[in-house]
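**Student:** Below is the structure I would like to discuss, written out as structure tokens.
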Amino acid sequence: MRSIIEYFKEIIFGVWSLLKGMKVTGSYFFRPSTIVTQKYPSNRNDLVMFDRFKGEVIMPHDENNEHKCTGCGICELNCPNGTIEIISQTIVTEEGKKKKAIDKHIYRLSMCTFCGLCVKACPSNALAFGQKFEHAVFNRALLIKQLNKPGSKLKKGVE
Amino acid sequence: MEEKEITNLTDEHQEYVINMGPQHPSTHGVLRLKVSLKGEIVKSIEPHIGYIHSGIEKMCESITYPQIIHLTDRMDYISAHINNEAVCLNVEKALEIDIPDRIKVIRTIMSELTRIQSHQLWWACFGMDLGGLTCFFYGLRDREKILDIFEETCGGRMIVSYNCPGGLMYDIHPNFQKRVKDFIKYFRKILPEYDQLLTGNVIFHERSKGIGTLTKEDAISFGVTGPTGRASGFSCDVRKHEPYSAYDRVQFKEILFDEGDTFHRYLARIDEMWESMKIIEQLIDNIPEGPFAVKMKPIIKLPEGEYYQRVETARGELGVFVISDGNKNPYRVKFRSPNFSNLSVLNHIAKGFKIADLVAIGGSLDLIIPDIDR
Amino acid sequence: MLPEIVALNTSPTLSVPWWKVVYDFSALTDWIDKSLHNSMSPFWTTITEMLIIGVLILLFYALVGLFLVYAERKVCAFMQNRLGPNRVGPFGIFQTIADLFKLLFKELIPIKNADGFLFNLAPFIVIIASFMAIAAIPFAKGLHAIDLNIGVLYVMAVSAMGVIGVLLAGWSSNNKYSLIGAMRSGAQIVSYELSVGLSLITIVILAGSMQLSVIVEAQRDGWFLFKGHISAFIAFIIFLISSTAETNRGPFDLAEAESELTAGYHTEYSGIKFAFFFLAEYINMFIVASIAATVFLGGWMPFHVGSWEGFNHIMDFIPPFVWYIGKTFFVIFLMMWFKWTFPRLRIDQLLTLEWKYLLPINLFNVLIMAFLVLMGWHF
Amino acid sequence: MDKIQLESFLKTIASGVEIKEGKQYLEVTVPSSSLHQLAKSLKEKEESKFDFLFCLTGVDYGTELGVIYHLRSTSYDHTVVLKTRTADRENPILDSVCDIWETAEFHEREVFDLLGIKFKNHPDLRRLFLDNSWGFPLRKDYVDDINIVTK
């Protein structure tokens, strides 16, 4: 007799537990307002990334096309996997002194792991993280970027 | 054509060998299990690993200590923050640096958030392994909220790279506390839904109770740690035994069960989420003021010697063993990864069960393949 | 010569106003039948009628398949708190059509060492089995391809044939996962066929006939689900569970079991052959749902409540076809709800459920129903 | 037991070992011949009960190859580090501890794979990550001109 009671108890508890599960899914079915899906490519225009989001490494330039990179090479040293390469040149300053300056700041996006060591180590805050994240291109060579814009020069007062 | 001799067939010849993986929906990565079956019963399992071996230990020998951190992110990528913390703690211990309280508290909060999101992902995948596809979406939906917190403060979602020797990369975002509190409030409401959907479900009980039982002795002998080991009664929570960061000042319970089957491995993780939320609640309003990083020398050199740091990741005990010869590069780094030991027990506990149980057991071990291969 | 011309000139007309056809399709079918008889010999009339029905069912089949795939995606998406298809067309309604074209154009990958003939035959067996079952279903009053006097038995027998296709598919693919999936499916369907049969027998006892049109007609004053109260309700629940198992769906999808067997018996199929399996799964679901609707929920009969004349009149105003579709989709929704909520059972638990729970309860239930009918304790 | 007690205990059960107090744990250097016997008694002796091998590391010391065992007792929560070395770089053979701690099976396979140290009495000594054509990458003299780039 006891086993028969157990048998039916089992069935009733089993069905009850299943109904509880169905309540959860069913309640979401009738509450479409809780849907969290973002329609990504169509919400692109008003998509705001967090300001610290590490999309790529950029070198901010001001309106006079001036950057803060002195070409010291600390970022290159800090980079764990050779993403950054600095090609420097020697220029003559206005006072007539010879000085090392940046020629090309090469950044290989395809190798970057976004560890943030270059940005953190930069003594003159020349580097920053950009929020752009759509990096897909058809040619791998396009992922090798030059961070200092052509014709740009060092901002005054940055050593 | 002559017929082949079919006499003298041993049991071995009659085994039905299938390859689960490297591409298989339930191995969660490139794990390959060579499974010998007899009917549906699993006779033996032979894990083949190394498909994603990346030589992290070798790479570590040629880079500096701060640079190691971004590699540890990629080991157990679901609990990246805790891996980072292990390396940082090891370096700080070797250099005997005092870490301000603020850093410790923030690290603890982040670690616990990492643990919750890891368990959420595990819950999602475990539900999917058992055929309840809806679990996957609920788990990932809630995990997204933590990833947003990470993204706002650390700039990365999974691969956070937020720690550095001597502190943190940046201070926490001004919204951090509010967002974490919102999340805890939200998740306290949602977690009972997980229970209704899966924990109480009679089919789930049938699928998981008494399946893949691991005894305490075996758990210790196989070095199975984390929730998997604790479900077998092996008290191995590093947070309790060797408190690091701010774990010595918070109240929490080490979840221990004696049964050691799939169901209790599941319960251990669900309960750990509740405990993690408790830890976060104790700390989130009491983040002390102070600097977010200690000033370190530009080139970090560890004194000669051997340093071992244990931390509790979401999957078990992670050990970082550094042998330094006094240079800026370590002489040898060894990561004692929890998944590596947890995998080794699979053959032992899944033998004799059905192939569907193998999937359940594999899911309950919560394996992350890059952590096994390193 | 002359009388025929006369007959042609007095072409038959619809016996009812055209808008009333939706309430009784027999007027329309009679009219078509008479018109065809007027123009050709009885033999060719039959052939033409069969052709028309064949084309209509094919069309219906494709439409229902497309719609069900879309519905399933949307339902599961909403249950999982996401949007589901929303790219192709408004609310993604053309998504399945896009998928259909994708599957049509995909390469049919030949499998090395597979049994070519059986490998190609299997999807057809599966799809023909579901195709044959659809013929016996009464869609609305007078909209019934063939009204067999053993309709219930026929539908059960024919829909169970699909398992042969599944077994063949698994065996001929030369894939270990497929074979395990096929064997599971075999064991599953053989056992669950019993429960489906017995739960239908329960209602057959109540209705006193196996003819589907008679069963529907008997529910004019109340659905069998309410007429047979407890016993019918138990039979309905068991029918839902076992028919879900029979269609390899929901918590019983062991034959596919994607987390264990990748895709089970159709692992090696691609392109349109895969689409056949896929379509057959949804049509089978539609068939079992329509049987459930016909046998338990009154088929195309409107919902009537005892002596509420006004209410019954309003219900009568809704066309039978709508009633039928509505009930069928309600059952389909229940089955989708099961699928997207529960974890999968293990093969031994699946058989335990059948042999230790469903079958004894079912046998007992048949007895109860026989007793109820004997004593006249039903409504 | 604390470090001092452990040290005196170790002196009683083993001879020929070199005990050094490391930065964190007690470090015991054992000759490879007596390693297995010492490990067994450390596990089985009621006073020590080192039942949890939580890390097994293979190290290339330049001229010698070595293995480091981190042991902990789950009942007493004390830790000891065993170290052993072999000078033979061509065919290094050490005793396996698989029969004492089962977790060693995978760890020793890893060490064999990456450093080429063979373990006697290991039940299934095969390479774990890499295939047989690879060298032993964690050795300091390992060269790979294609994949290792030095600036």
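**Student:** Are any residues in the range C:253-264 in contact with a Phe, Trp or Tyr (Cβ under 8 Å, 6 or more places away or on another chain) and buried (at least 22 other Cβ atoms within 10 Å of the Cβ), and if so, which ones? Explain how you work it out, then say what you get.
**Tutor:** Filtering the range C:253-264 down to residues in contact with a Phe, Trp or Tyr (Cβ under 8 Å, 6 or more places away or on another chain) leaves C:255-256, C:261-264.
Of everything in the range C:253-264, those that are in contact with a Phe, Trp or Tyr (Cβ under 8 Å, 6 or more places away or on another chain) and buried (at least 22 other Cβ atoms within 10 Å of the Cβ) turn out to be C:ALA255, C:GLU256, C:LEU261, C:GLY264.
**Student:** May I pose another question? Keeping to the range A:131-154, report how many residues are farther than 26 Å from A:ASN45 by Cβ and either surrounded by 13 or more Cβ atoms within 10 Å (Cβ to Cβ) or of a type in the set (A, V, I, L, M, F, W, C) (or both).
**Tutor:** So in the range A:131-154, the residues farther than 26 Å from A:ASN45 by Cβ come out as A:139-141, A:144, A:146-148, A:150-154.
Those left that are additionally either surrounded by 13 or more Cβ atoms within 10 Å (Cβ to Cβ) or of a type in the set (A, V, I, L, M, F, W, C) (or both): A:141, A:144, A:146-148, A:152-154.
Counting residues in the range A:131-154 that are farther than 26 Å from A:ASN45 by Cβ and either surrounded by 13 or more Cβ atoms within 10 Å (Cβ to Cβ) or of a type in the set (A, V, I, L, M, F, W, C) (or both) gives 8.
**Student:** Additional query: Which of the residues spanning the range D:102-135 are buried (at least 21 other Cβ atoms within 10 Å of the Cβ), assigned to a loop (DSSP other than H, G, I, E, B) and more than 9 Å from chain B (Cβ to nearest Cβ)?
**Tutor:** D:GLY116, D:ILE117
Residues are listed down the side, and each one gets a yes or a no for (1) surrounded by fewer than 24 Cβ atoms within 10 Å (Cβ to Cβ); (2) within 14 Å of chain B (Cβ to nearest Cβ); (3) without any contact (Cβ under 8 Å) to a residue 24 or more places away in the chain:
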site: C:ASN284; (1), (2), (3): yes, no, no
site: C:PHE303; (1), (2), (3): yes, no, no
site: C:SER307; (1), (2), (3): yes, no, yes
site: C:PHE311; (1), (2), (3): yes, no, yes
site: C:PRO319; (1), (2), (3): yes, no, no
site: C:VAL322; (1), (2), (3): yes, no, yes
site: C:TRP337; (1), (2), (3): yes, yes, no
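**Student:** Something else about it: Given the structure, is C:TRP377 surrounded by fewer than 22 Cβ atoms within 10 Å (Cβ to Cβ) and outside any helix (DSSP H, G or I)? Outline the logic, then answer.
**Tutor:** Values: surrounded by fewer than 22 Cβ atoms within 10 Å (Cβ to Cβ): yes; outside any helix (DSSP H, G or I): yes.
In short, yes.
**Student:** Return the residue satisfying two criteria in turn: it lies in the range D:8-59 and is among the β-branched types (Val, Ile, Thr) and within 14 Å of another protein chain (Cβ to nearest Cβ), and of such residues it is nearest to D:LEU115 (Cα to Cα).
**Tutor:** The extreme case among them is D:VAL59.
**Student:** Let me spell it out: the conditions are (1) of a type in the set (A, V, I, L, M); (2) touching an Asp or Glu at 6+ places or on another chain (Cβ under 9 Å); (3) not in a loop (DSSP other than H, G, I, E, B), and C:ALA136 meets all of them except one. Which number is the exception?
**Tutor:** (3)
**Student:** If I go through the range C:46-93 residue by residue, how many of them are outside any helix (DSSP H, G or I) and within 14 Å of another protein chain (Cβ to nearest Cβ)? Before the answer, list the steps.
**Tutor:** Looking only at the range C:46-93, we keep the residues that are outside any helix (DSSP H, G or I), and these are C:80-89, C:93.
Adding the requirement that they be within 14 Å of another protein chain (Cβ to nearest Cβ) leaves C:80-88.
Counting residues in the range C:46-93 that are outside any helix (DSSP H, G or I) and within 14 Å of another protein chain (Cβ to nearest Cβ) gives 9.
**Student:** Check whether at least one residue in the range A:91-110 is part of a helix (DSSP H, G or I) and in the same structural domain as A:ASN125 (by TED's automatic domain parsing), and report yes or no.
**Tutor:** Here is the first cut: in the range A:91-110, the ones part of a helix (DSSP H, G or I) are A:109-110.
Narrowing further to those that are in the same structural domain as A:ASN125 (by TED's automatic domain parsing): A:109-110.
Yes, there is a match, as at least one residue in the range A:91-110 is part of a helix (DSSP H, G or I) and in the same structural domain as A:ASN125 (by TED's automatic domain parsing).
**Student:** Can you tell me which residues in the range C:153-176 are within 17 Å of the chain's Cα centre (by Cα) and either crowded, with 23+ Cβ neighbours inside 10 Å or part of a helix (DSSP H, G or I) (or both)?
**Tutor:** Initial filter on the range C:153-176 (within 17 Å of the chain's Cα centre (by Cα)): C:153-163.
Within the range C:153-176, C:LEU153, C:TYR154, C:VAL155, C:MET156, C:ALA157, C:VAL158, C:SER159, C:GLY162, C:VAL163 meet the criteria.
**Student:** Would you pick out the residues in the range B:61-83 that are within 10 Å of another protein chain (Cβ to nearest Cβ) and either under 19 Å from B:TYR307 (Cβ atoms) or of a type in the set (Asp, Glu) (or both)?
**Tutor:** Let us first name the residues in the range B:61-83 that are within 10 Å of another protein chain (Cβ to nearest Cβ), namely B:61-64, B:66-71, B:73-74.
Passing the criteria: B:GLU61, B:SER62, B:ILE63, B:THR64, B:PRO66, B:GLN67, B:ILE68, B:ILE69, B:LEU71, B:ASP73.
**Student:** Quick check on B:GLY50: is it within 9 Å of another protein chain (Cβ to nearest Cβ), touching a residue at least 24 places away in the same chain (Cβ under 8 Å), within 19 Å of the chain's Cα centre (by Cα) and closer than 17 Å to B:LEU346 by Cα? Before the answer, list the steps.
**Tutor:** Values: within 9 Å of another protein chain (Cβ to nearest Cβ): yes; touching a residue at least 24 places away in the same chain (Cβ under 8 Å): yes; within 19 Å of the chain's Cα centre (by Cα): yes; closer than 17 Å to B:LEU346 by Cα: yes.
Taking the combined requirement at face value, the residue satisfies it.
**Student:** Another question about this same structure. Just the residues that are within 12 Å of B:THR72 (Cβ to Cβ) and of a type in the set (Val, Ile, Thr), please, taken from the range B:149-172.
**Tutor:** B:ILE159, B:VAL160
**Student:** Search the range B:3-26 for residues that are more than 10 Å from chain C (Cβ to nearest Cβ) and pair each with any residue that is modelled with pLDDT under 80 when their beta-carbon atoms are under 7 Å apart and the residues are at least 6 apart or on different chains.
**Tutor:** B:GLY21/B:THR27
**Student:** So C:PRO251 clears everything in (1) at pLDDT 80 or above; (2) part of a helix (DSSP H, G or I); (3) more than 14 Å from every other protein chain (Cβ to nearest Cβ) except one condition, right? Which one?
**Tutor:** Unmet for C:PRO251, out of (1) at pLDDT 80 or above; (2) part of a helix (DSSP H, G or I); (3) more than 14 Å from every other protein chain (Cβ to nearest Cβ): (3).
**Student:** So is B:GLY166 surrounded by fewer than 23 Cβ atoms within 10 Å (Cβ to Cβ) and more than 14 Å from chain C (Cβ to nearest Cβ) or not? Let's see the steps before the verdict.
**Tutor:** Working: surrounded by fewer than 23 Cβ atoms within 10 Å (Cβ to Cβ): yes; more than 14 Å from chain C (Cβ to nearest Cβ): yes.
Judged against the criteria, B:GLY166 is a match.
**Student:** Okay, moving on. Taking the conditions exactly as written (facing chain D (nearest Cβ under 10 Å), touching a residue at least 40 places away in the same chain (Cβ under 8 Å) and of a type in the set (A, V, I, L, M, F, W, C)), does B:VAL294 satisfy them or not? Steps first, please.
**Tutor:** Working: facing chain D (nearest Cβ under 10 Å): no; touching a residue at least 40 places away in the same chain (Cβ under 8 Å): yes; of a type in the set (A, V, I, L, M, F, W, C): yes.
For B:VAL294, the condition - facing chain D (nearest Cβ under 10 Å), touching a residue at least 40 places away in the same chain (Cβ under 8 Å) and of a type in the set (A, V, I, L, M, F, W, C) - is not met.
**Student:** Looking only at residues in the range D:60-77 that are surrounded by fewer than 23 Cβ atoms within 10 Å (Cβ to Cβ) and more than 11 Å from chain B (Cβ to nearest Cβ), which one is farthest from B:GLY223 (Cα to Cα)?
**Tutor:** D:THR63
**Student:** Next question, about the same structure. Would you pick out the residues in the range C:47-65 that are over 17 Å from C:ALA133 (Cβ atoms) and either surrounded by 14 or more Cβ atoms within 10 Å (Cβ to Cβ) or touching a residue at least 40 places away in the same chain (Cβ under 8 Å) (or both)?
**Tutor:** Of everything in the range C:47-65, those that are over 17 Å from C:ALA133 (Cβ atoms) and either surrounded by 14 or more Cβ atoms within 10 Å (Cβ to Cβ) or touching a residue at least 40 places away in the same chain (Cβ under 8 Å) (or both) turn out to be C:THR48, C:GLU49.
**Student:** Inspect all residues belonging to the range B:259-280 and state whether any of them is within 14 Å of chain D (Cβ to nearest Cβ) and either under 30 Å from C:THR341 (Cα atoms) or in contact (Cβ under 8 Å) with a residue 60 or more places away in the chain (or both). Full working, then the answer.
**Tutor:** Step one: list which residues in the range B:259-280 are within 14 Å of chain D (Cβ to nearest Cβ), which gives none.
No; the residues of the range B:259-280 include none that is within 14 Å of chain D (Cβ to nearest Cβ) and either under 30 Å from C:THR341 (Cα atoms) or in contact (Cβ under 8 Å) with a residue 60 or more places away in the chain (or both).
**Student:** Evaluate the range A:75-90: report whether one residue or more is over 21 Å from the mean Cα position of the chain (by Cα), surrounded by 16 or more Cβ atoms within 10 Å (Cβ to Cβ) and part of a loop (DSSP other than H, G, I, E, B).
**Tutor:** Checked the range A:75-90: no residue is over 21 Å from the mean Cα position of the chain (by Cα), surrounded by 16 or more Cβ atoms within 10 Å (Cβ to Cβ) and part of a loop (DSSP other than H, G, I, E, B).
**Student:** Residue check: is B:ILE279 of a type in the set (A, V, I, L, M, F, W, C) and under 21 Å from the mean Cα position of the chain (by Cα)? Step through it out loud before you land on a result.
**Tutor:** Values: of a type in the set (A, V, I, L, M, F, W, C): yes; under 21 Å from the mean Cα position of the chain (by Cα): yes.
In short, yes.
**Student:** OK, next. Please work out if B:GLU85 is charged (D, E, K, R) and crowded, with 23+ Cβ neighbours inside 10 Å. Even if it seems obvious, please write down each step before you answer.
**Tutor:** Details: charged (D, E, K, R): yes; crowded, with 23+ Cβ neighbours inside 10 Å: yes.
It is true that B:GLU85 is charged (D, E, K, R) and crowded, with 23+ Cβ neighbours inside 10 Å.
**Student:** Now a separate question. Only one of these conditions is not met by A:PHE53: (1) surrounded by 16 or more Cβ atoms within 10 Å (Cβ to Cβ); (2) within 30 Å of B:PHE150 (Cα to Cα); (3) within 9 Å of chain B (Cβ to nearest Cβ); (4) over 19 Å from the mean Cα position of the chain (by Cα). Which number is it?
**Tutor:** Just one mismatch for A:PHE53, condition (4).
**Student:** Would you mention how many residues in the range B:302-322 are crowded, with 21+ Cβ neighbours inside 10 Å and either within 8 Å of chain D (Cβ to nearest Cβ) or charged (D, E, K, R) (or both)? Break it down into steps so the answer makes sense when it comes.
**Tutor:** Just the residues of the range B:302-322 that are crowded, with 21+ Cβ neighbours inside 10 Å, to begin with: B:302, B:306-322.
Next, only the ones that are either within 8 Å of chain D (Cβ to nearest Cβ) or charged (D, E, K, R) (or both) stay: B:306-308, B:310, B:312, B:315, B:317, B:319, B:321.
Result for the range B:302-322: 9.
The values are calculated or read from the model by the stated rules, or taken from the named source; none is laboratory data. What you are looking at is a predicted structure, and each value in this text was computed from that prediction instead of being measured. Cβ sites come from the backbone with ideal geometry, for glycine too, and all protein chains shown count toward neighbours.
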